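Here's the structure, in structure tokens; my notes come after.
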Amino acid sequence: MNELPSDPAMLLSFLNMKLRDSYASLEELCDDLDIDRDALIKRMADAGFEYSAENKRFW
């Protein structure tokens, strides 16, 4: 996984900012940053967050 914030709250903020400002989808973000999408979703789920494709954000 690319250099992402290790703190779950910082990672949440980072991902949601990128999704809001720079990417049309989580798939696009993961492709561009060379991140394994499934591993990222699991990492966020382990921290208590889930991805909403409808809202294009983690919560």
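The values are calculated or read from the model by the stated rules, or taken from the named source; none is laboratory data. From a predicted model like this one, the values you see are computed outputs, not experimental measurements. Backbone-built Cβ (ideal geometry, glycine too); neighbour counts: all protein chains shown. SASA here: full protein model, heavy atoms, side chains in, ligands and nucleic acids out. Shrake-Rupley method; radii C 1.70, N 1.55, O 1.52, S 1.80 Å.
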field: Å² of accessible area per residue within the chain, as computed with a 1.4 Å probe and no ligands counted
entry: 65 Å²
task: Return the sequence-ordered ³J(HN,Hα) values of the stretch 10-16 in whole Hz as given by the Karplus equation 6.51 cos²θ - 1.76 cosθ + 1.60 applied to θ = phi - 60°, using x for Gly and Pro.
output: 5, 5, 4, 4, 4, 5, 5
statement: Karplus-derived 3J(HN,Hα) from phi for the stretch 29-42 (6.51 cos²θ - 1.76 cosθ + 1.60, θ = phi - 60°), whole Hz, x at Gly and Pro, runs 4, 5, 4, 5, 8, 6, 10, 6, 4, 5, 5, 5, 4, 5
field: Rounded percent of accessible protein surface that carbon and sulfur make up, the chain, 1.4 Å probe
entry: 47 percent
query: Which listed residue (22, 58, 33) has the Cα farthest towards the positive end of the charge dipole for the chain, taking +1 on Lys and Arg C-beta and -1 on Asp and Glu C-beta about the Cα centre?
result: 58
statement: Toy charge model, Lys and Arg Cβ at +1, Asp and Glu Cβ at -1: the chain dipole around Cα centroid in debye, rounded to 20, equals 240 debye
